[in-house]
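Take a look at the structure below.
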């Protein structure tokens with residue numbers, strides 16, 4: 001038994017050195033903001049054999065393919081996570097999967113609930129089954145702050161999706177595919193987010209503010225990619241990784257982008273939260289803290305007490321929550337201004 005434990009420890013040490021190198025990676029929904037950042041960063045750092053982009057939008061694939069013209073490591077595959085047969089084809093020879101495909105615009109989900117469920121829940125079920133059957137090694141699913149104590153349909157479907165990926169570890173057995181989740185909030189500069197939106201209308205002289213008290217987490221796409229890398233390297237299966245990131249008041253974001261603009265208070269939209277939450281009080285009983293992130297462990301199968309999953313983590317106090325208004329780390333207006341200046345050409349473009 002001691003020999004087996006020693007071998008397992010050695011295998012994990014080797015894994016940490018080789019993660020993603022010379023591998024085959026599939027990114028579902030890979031033409032979105034995350035995929036457009038993950039692909040070049042991963043090519044540069046890990047030199048995988050190939051990265052396959054699965055998405056249903058041929059025009060976005062056409063535009064993205066131009067950026068990687070001549071690089072045979074990047075492949076494009078038209079398909080939809082709703083189509084299980086197509087997933088099996090896309091997963092042929094794949095070692096690692098990043099699941100970024102989702103219907104994620106809150107109002108769109110509210111007005112098209114059946115379609116949201118088909119993609120976010122049925123699609124997750126299809127992917128779990130297909131990854132297990134195809135011999136995939138590890139899968140990371142992207143989640144959202146809205147999955148924590150959800151107040152809208154999008155968040156509710158992502159909570160279900162998170163639970164499905166966690167349960168996938170039981171379905172796959174001890175030696176099969178491993179599944180974990182990464183969760184983060186507002187991605188700075190991504191398409192449809194607040195910074196490019198305010199930028200696009202600041203010339204009008206006023207900015208719509210839902211509530212003067214509203215706060216949001218702030219994370220860059222690069223930080224999101226690095227969290228996925230860390231999860232691939234660290235995971236045993238079933239963990240939800242939450243990056244420690246700063247918060248800002250939405251009014252401060254508005255003042256940085258348009259210092260002289262008037263703020264028009266328009267009220268909170270249906271399903272919108274005043275503050276983002278990534279770890280709820282109910283999660284606190286299974287949550288551990290690390291220098292740069294938190295890890296929510298699964299409540300099922302006694303995995304929350306697994307030393308392999310806890311590693312060197314420190315248990316958070318019972319009743320702890322991680323929300324954008326109780327965050328000890330805040331981004332200053334000067335820090336946001338510096339980030340905007342450094343990323344001016346990319347904001348809203350991916």
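The set of residues from segment 156-191 being without any contact (Cβ under 8 Å) to a residue 40 or more places away in the chain and over 19 Å from residue 297 (Cβ atoms) comprises 156, 173, 175.
Against the list (1) more than 13 Å from the chain's Cα centre (by Cα); (2) assigned to a helix (DSSP H, G or I); (3) at pLDDT 95 or above, the condition residue 171 fails is (3). Scan segment 233-266 for residues that are touching a helix residue (DSSP H, G or I) at 6+ places or on another chain (Cβ under 9 Å) and either part of a helix (DSSP H, G or I) or at positive phi (or both) and the total you get is 11. Scanning segment 190-218 for residues that are surrounded by fewer than 19 Cβ atoms within 10 Å (Cβ to Cβ), within 27 Å of residue 37 (Cα to Cα) and touching a helix residue (DSSP H, G or I) at 6+ places or on another chain (Cβ under 9 Å) yields 191, 192, 193, 199, 202. Taken together, 182, 187 contain a single residue that is under 21 Å from residue 269 (Cβ atoms), surrounded by 19 or more Cβ atoms within 10 Å (Cβ to Cβ) and in contact with a strand residue (DSSP E or B) (Cβ under 9 Å, 6 or more places away or on another chain), which is 187. Restricted to segment 184-216, and to residues that are at pLDDT 90 or above and part of a loop (DSSP other than H, G, I, E, B), which residue is farthest from the chain's Cα centre (by Cα)? The selected residue is 205. The set of residues in segment 305-329 being in a loop (DSSP other than H, G, I, E, B) and surrounded by 12 or more Cβ atoms within 10 Å (Cβ to Cβ) consists of 306, 311, 313, 316, 320, 321, 324, 325, 326, 327.
Output the residue which, of all residues in segment 282-304 that are exposed (fewer than 15 other Cβ atoms within 10 Å of the Cβ) and either assigned to a loop (DSSP other than H, G, I, E, B) or modelled with pLDDT under 95 (or both), is nearest to the chain's Cα centre (by Cα). Only one residue fits best here, namely 292.
Here residue 170 fulfils each of the conditions (1) more than 17 Å from residue 147 (Cα to Cα); (2) touching a helix residue (DSSP H, G or I) at 6+ places or on another chain (Cβ under 6 Å) apart from (2).
Tell me whether segment 257-270 contains one or more residues that are touching a strand residue (DSSP E or B) at 6+ places or on another chain (Cβ under 6 Å), under 23 Å from residue 105 (Cβ atoms) and surrounded by 20 or more Cβ atoms within 10 Å (Cβ to Cβ). No, segment 257-270 has no match at all. For segment 145-167, the tally of residues that are surrounded by fewer than 23 Cβ atoms within 10 Å (Cβ to Cβ), at negative phi and outside any helix (DSSP H, G or I) stands at 3.
The values are calculated or read from the model by the stated rules, or taken from the named source; none is laboratory data. The structure displayed is predicted, hence computed values, not measured ones. Every residue, glycine as well, gets a Cβ built from its backbone with ideal geometry; the counts of neighbours run over all protein chains shown.
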